[in-house]
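The values are calculated or read from the model by the stated rules, or taken from the named source; none is laboratory data. Because the structure is a prediction, the values reported are computed rather than measured. Backbone-built Cβ (ideal geometry, glycine too); neighbour counts: all protein chains shown.
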Amino acid sequence: MTPSLERPPFQADERTAIIGWLDLQRQILRWKCEGLSEADAHRSVIPTSPAMTMAGLVSHMRWVEHTWLDVVFLGGDKTRNPSFDETQEDAEWRTDGVPLKQLLTEYEAQCVRSNAIVAAASLDDTGRHPDFHSAKASLRWMLLHLIEETGRHAGHADIVRELLDGAKGYY
């Protein structure tokens, strides 16, 4: 695993810094998937968390982005997001053999969409979905939360990857 990741500039406006840190965490998650076989991408290595596979992490993060920016912030339709599937626990983690490449492509597309949503709004704007108390949060708060969650799961990806094939590294 060869890193080519850079931190955001030391001197930047708030939006550039926030998106820069979020993009870096997204890139780290994708980087941890480089060179994985399909079998390893879908292999569970944590007995108490069988859905936490590399593929599952990517799927989950794609739907986390969708939840916060498309649903909670924009007020969009939550029915197509498996995070809201009350019939199956952790549905957004389940990949059912979907190829890692497809999951990464979908995650990348969601990240591009998320960045477009952010670019068109003020960091002080609040969410619009009437069903979520968290819609009262500002876009700034939501983005800081996305940095936290993406970074936490990139850390999980560090551990999962090391357990899969011994690959480790920090950018």
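Quick look at the numbers
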quantity: Selection status of Asp124, at pLDDT below 95 and either over 29 Å from Ile46 (Cα atoms) or more than 14 Å from the chain's Cα centre (by Cα) (or both); calculated: no
quantity: Scope segment 106-138; condition touching a Gly at 6+ places or on another chain (Cβ under 8 Å) and under 9 Å from Phe73 (Cβ atoms); matching residues; calculated: Gly127, Arg128, His129, Ala135, Ala137
quantity: Lone unmet requirement of (1) of a type outside the set (Asp, Glu); (2) assigned to a helix (DSSP H, G or I); (3) at positive phi for Gly169; calculated: (2)
quantity: Conditions (1) closer than 16 Å to Trp63 by Cα; (2) in a loop (DSSP other than H, G, I, E, B); (3) in contact with a Leu (Cβ under 7 Å, 6 or more places away or on another chain); number of the one not met by Leu123; calculated: (1)
quantity: Wholly within segment 1-119, helices (runs of 4 or more DSSP H) carrying at least 1 residues that are exposed (fewer than 15 other Cβ atoms within 10 Å of the Cβ), modelled with pLDDT of 95 or more and of a type in the set (S, T, N, Q); calculated: 14-31, 100-119
quantity: Subset of segment 85-117 [touching a helix residue (DSSP H, G or I) at 6+ places or on another chain (Cβ under 8 Å) and among the hydrophobic types (A, V, I, L, M, F, W, C)]; calculated: Ala91, Trp93, Val98, Leu100, Leu103, Leu104, Cys111, Ile117
quantity: Single unsatisfied condition, Gly20 versus (1) within 21 Å of Tyr170 (Cβ to Cβ); (2) in contact with a helix residue (DSSP H, G or I) (Cβ under 8 Å, 6 or more places away or on another chain); calculated: (2)
quantity: Filter result (among the acidic types (Asp, Glu) and closer than 25 Å to His42 by Cα) within segment 64-102; calculated: Glu65, Asp85, Glu86, Glu89, Asp90, Glu92, Asp96
quantity: Top-ranked residue of segment 75-89 - restricted to ones that are hydroxyl-bearing (Ser, Thr, Tyr) and closer than 16 Å to Phe132 by Cα, ranked as farthest from the chain's Cα centre (by Cα); calculated: Thr79
quantity: Segment 127-146 - residue that is among the hydrophobic types (A, V, I, L, M, F, W, C), in contact (Cβ under 8 Å) with a residue 60 or more places away in the chain and part of a helix (DSSP H, G or I) and, of those, surrounded by the fewest Cβ atoms within 10 Å (Cβ to Cβ); calculated: Leu144
quantity: Where His156 falls short, out of the listed (1) without any contact (Cβ under 8 Å) to a residue 60 or more places away in the chain; (2) under 21 Å from Ala39 (Cα atoms); calculated: (1)
